[in-house]
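Here the structure is laid out as structure tokens; the discussion comes afterwards.
The values are calculated or read from the model by the stated rules, or taken from the named source; none is laboratory data. None of the values given here were measured: they were computed from a predicted structure. Virtual Cβ from ideal backbone geometry, glycine too; neighbours counted across all protein chains shown. Surface areas here come from the heavy atoms of the whole protein model, side chains and all, with no ligands, DNA or RNA. Shrake-Rupley method; radii C 1.70, N 1.55, O 1.52, S 1.80 Å.
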Amino acid sequence: TGYLSYPSFYCSYVECCPGDGHRLNATALRAQLDARLFGQHLAKEVVLKAVAGFSRNRSPKKPLSLSLHGWGGTGKNLLSQIIAEHLHPAGLRSKFVHLFLATLHFPHQHQVKLYQEQLQKWIQGNVSACPHSVFIFDEMDKLHPGLIDAIKPFLDYYEQVNGVSYRKAIFIFLSNAGANLINKVALDFWRSGKQREEIQLKDLEPVLSVGVFNNKNSGLWHSSLIDRNLIDYFVPFLPLEHKHVKMCIRAEMISRGHAVNEKVVEVVMDEMTFFPKEEKIYSDKGCKTVQAKLNFHWDTVMRDTKAEG
């Protein structure tokens with residue numbers, strides 16, 4: 001046994017499930033959200049309070065469940081990645097963080113029953129191994145109707161299910177469903193001369209939960225998770241404006257170890273497309289294509305800059 005009898009020594013070499021005394025660093029989480037997630041004041045505040053509050057609670061009555069909604073490229077995947085990193089240092093590579101992609105893991109409609117059984121066994125086995133497991137379901141809008149209801153017993157207010165407690169686990173759902181509702185509210189605010197920061201959760205959450213429940217392509221269509229109020233927060237991601245896309249471009253440059261070059265920022269911005277057709281306020285792909293466009297233009301712009309110099 002020797003040194004390996006000391007958990008802290010052992011866990012410096014092997015990833016261990018956090019103990020009950022482990023607490024999320026809310027200050028560090030806020031700093032990461034501020035540095036990496038742009039234009040999403042609602043998502044930042046809701047998720048920070050929800051995750052930090054859940055982490056502080058030594059005896060939660062149910063798992064934490066978050067449903068993130070908005071167009072592609074607005075930051076849903078990024079936010080779930082940041083949450084994972086602050087709960088488990090290895091982030092998405094952690095053996096305690098489980099990412100499901102609807103089109104990859106559950107492709108066939110006729111096998112929904114099999115998927116439900118496999119999903120239940122996977123969640124049960126992993127929460128048994130680590131109560132603080134995180135489960136992320138991406139592409140919820142492509143998930144076959146009814147499939148997600150298989151996890152309903154794990155999200156409910158049960159002390160245990162078949163001898164396992166799920167109360168310390170976190171479930172995160174990512175979906176494009178409801179994006180049009182969110183975009184409409186944001187546009188209405190803009191047209192009435194209000195700041196986007198004036199949009200509050202109460203302006204969006206009720207219409208979002210009803211809209212997703214009644215949307216046949218949401219993955220949560222008539223789901224018992226909504227019907228039984230088992231989703232704690234519906235988190236809206238607003239469409240990104242010009243200034244937010246520029247922030248994404250600059251952040252991407254910095255993450256690559258480059259100094260910010262405003263000429264490159266403008267070249268990439270010139271290729272982005274915006275809506276509505278008349279006003280052109282919001283990026284129709286969010287920040288999704290920023291990396292690819294930066295790859296394409298970086299060398300050319302830098303070469304031209306040097307030639308001018």
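For the range 52-63, does any single residue satisfy the condition of being buried (at least 17 other Cβ atoms within 10 Å of the Cβ), of a type in the set (A, V, I, L, M) and assigned to a helix (DSSP H, G or I)? For the range 52-63, residues buried (at least 17 other Cβ atoms within 10 Å of the Cβ), of a type in the set (A, V, I, L, M) and assigned to a helix (DSSP H, G or I): present. Entry remark, the range 156-169: residues being closer than 21 Å to residue 24 by Cα and either in contact with a Leu (Cβ under 8 Å, 6 or more places away or on another chain) or open to solvent by less than 10 Å² (accessible area, probe 1.4 Å) (or both) number 2 in total. The condition of being closer than 30 Å to residue 286 by Cα and of a type in the set (Ser, Thr, Tyr) does not hold for residue 165.
Residue-by-condition table, conditions (1) over 30 Å from residue 299 (Cα atoms); (2) touching an Asp or Glu at 6+ places or on another chain (Cβ under 9 Å); (3) part of a loop (DSSP other than H, G, I, E, B):
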residue: 180; (1), (2), (3): yes, no, no
residue: 193; (1), (2), (3): yes, no, yes
residue: 202; (1), (2), (3): yes, no, no
residue: 207; (1), (2), (3): yes, no, no
residue: 210; (1), (2), (3): yes, no, no
residue: 245; (1), (2), (3): no, no, no
residue: 254; (1), (2), (3): no, no, no
residue: 257; (1), (2), (3): no, no, yes
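Looking only at residues of the range 170-208 that are open to solvent by less than 20 Å² (accessible area, probe 1.4 Å) and of a type in the set (Gly, Ala, Ser), we find that the one that is farthest from residue 54 (Cα to Cα) is 186. Taken over the range 259-269, the criterion of being over 21 Å from residue 75 (Cα atoms) and in a helix (DSSP H, G or I) is satisfied by 262, 263, 264, 266, 267. Of the residues that make up the range 178-185, is at least one within 21 Å of the chain's Cα centre (by Cα), within 14 Å of residue 65 (Cβ to Cβ) and either at pLDDT 95 or above or among the charged types (D, E, K, R) (or both)? No: zero hits.
Checked against (1) touching a helix residue (DSSP H, G or I) at 6+ places or on another chain (Cβ under 7 Å); (2) open to solvent by less than 80 Å² (accessible area, probe 1.4 Å); (3) on the phi > 0 side of the Ramachandran plot, residue 294 passes all but condition (3). Residues of the range 106-154 that are among the hydroxyl-bearing types (Ser, Thr, Tyr) and either in contact with a Leu (Cβ under 9 Å, 6 or more places away or on another chain) or over 17 Å from residue 164 (Cα atoms) (or both): 115 alone.
Of everything listed in (1) touching a residue at least 60 places away in the same chain (Cβ under 8 Å); (2) open to solvent by 20 Å² or more (accessible area, probe 1.4 Å); (3) polar (S, T, N, Q), the single unmet condition for residue 80 is (2).
Return the residue satisfying two criteria in turn: it lies in the range 18-51 and is in a loop (DSSP other than H, G, I, E, B) and open to solvent by 40 Å² or more (accessible area, probe 1.4 Å), and of such residues it is modelled with the lowest pLDDT. Here the answer is 21. Only one of the listed residues (127, 47, 112) is of a type in the set (Val, Ile, Thr), more than 21 Å from residue 37 (Cβ to Cβ) and touching a residue at least 40 places away in the same chain (Cβ under 8 Å). That residue is 127. Summed over the range 209-247, residues that are in contact (Cβ under 8 Å) with a residue 60 or more places away in the chain, open to solvent by 10 Å² or more (accessible area, probe 1.4 Å) and of a type in the set (Val, Ile, Thr) total 1.
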